[in-house]
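Structure first, then comments.
The values are calculated or read from the model by the stated rules, or taken from the named source; none is laboratory data. This structure is a prediction, so every number in the text was calculated from the model and none was measured. We place every Cβ from the backbone using ideal geometry, glycine too, and count neighbours over all the protein chains shown.
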Amino acid sequence: MVDESVVKKKFFEVANRYIENNKISHAYLIELNDYEKDFSDILDFVKMILCNCSHEDLQKDNSNICNLVDTGNYPDLKIVEPDGQWIKKNQLVEVMDEFQNKSFFNNRCIYIIKEAEKLNSSSANTILKFLEEPQDEIMAILLTKNRFQVIETILSRCQIMTLSNCENLEISFECKELLKAIFAEENLFTNYQNIVLNIMKDKNDAKRILNEISQVLIIYLNYLADNNQEIDSEILNLLNGKDMDKIVNILSIIEEEQAKLEYNINYKLWIDALFARIILGG
């Protein structure tokens, strides 16, 4: 089984950057492995946001807010789980009605939705209204074991983060081709035409392939941390011998650029900027 330490470390490094740069999103979708085991990390993320602190500082914090979150008594944190087979509209309406009142701590109101892929058409439309017209003081955190099972209209409006160790990843041909171009010795721009025409033709292609690449890089970093761990031979052949600092830097660039795809950007300018950052290393 893949060690999750590298994945968790990367998750909190990304979370730290969001808080340090005051770039907190109104909605996150977090992919994880196990709802029970990973939920403490989700609560740490919530506490970081509410206390406006890094994960390292959080470990020293013993504030009232942290204690209330840990004990399940924070009044402005609501957790929604499936009622039977689905998450139902009335569950979300009830949460939103409660959030009409001013926050008890004059802070953000946060709702967590477990198993976000179980939003049915009615409940999905309900939450979509809140995601399309976000309020600064209300934040959504959606959890899933597989982001690609979440309705696309919801997925596209969330900032994506991961606590998943990606054990069952199948590497697509497009992912392998882009990885070869990124880590090739020649200039990435020599492959520009092929990538734009055949690999990342639009935003949806870019989201899917960049997500796949980030998972591949995380798997390889886990392998470097412990060579006894299992790794797909294709991943090993693609990345073996590559500079570790470059791999970590590429992973950071990809995660930052993925966030920009959620906004109404010029795709041509975005992909040019992505290539330039990868080539220049920052």
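Before moving on, here are some points about what is shown:
- A Cβ distance below 7 Å, combined with a sequence gap of six or more or placement on separate chains, defines the contacts here; from the stretch 244-272, residues that are outside any helix (DSSP H, G or I) reach residues that are surrounded by 14 or more Cβ atoms within 10 Å (Cβ to Cβ) and polar (S, T, N, Q) in the pairs E262/S156; E262/Q159.
- Positions within the stretch 49-70 being more than 16 Å from the chain's Cα centre (by Cα) and under 11 Å from I19 (Cβ atoms), in sequence order: L50, C51, N52, C53, S54, H55, D57, L58
- Residue in the stretch 162-173 that is over 21 Å from I110 (Cβ atoms), part of a loop (DSSP other than H, G, I, E, B) and at pLDDT 80 or above present: yes
- Residues in the stretch 236-259 that are touching a Phe, Trp or Tyr at 6+ places or on another chain (Cβ under 6 Å) and loosely packed, with under 15 Cβ neighbours inside 10 Å: 0 in all.
- Every residue from the stretch 8-37 that is within 14 Å of the chain's Cα centre (by Cα) and within 26 Å of L119 (Cα to Cα): F11, A15, I24, S25, H26, A27, Y28, L29, I30, E31, L32, N33
- Test: residue in the stretch 271-280 that is at pLDDT 85 or above, aromatic (F, W, Y), more than 20 Å from the chain's Cα centre (by Cα) and not assigned by TED's automatic domain parsing to the domain that holds K9: yes
- Condition met for L50 (in contact with a Phe, Trp or Tyr (Cβ under 7 Å, 6 or more places away or on another chain) and at pLDDT 90 or above): no
- Scope the stretch 40-53; condition closer than 23 Å to E115 by Cβ and in contact (Cβ under 8 Å) with a residue 40 or more places away in the chain; matching residues: D41, I42, F45, V46, I49
- Residues in the stretch 1-47 that are modelled with pLDDT of 90 or more and basic (K, R): K47 alone.
- Residues that are closer than 25 Å to A259 by Cβ and touching a Ser or Thr at 6+ places or on another chain (Cβ under 7 Å) occur at least once in the stretch 133-147.
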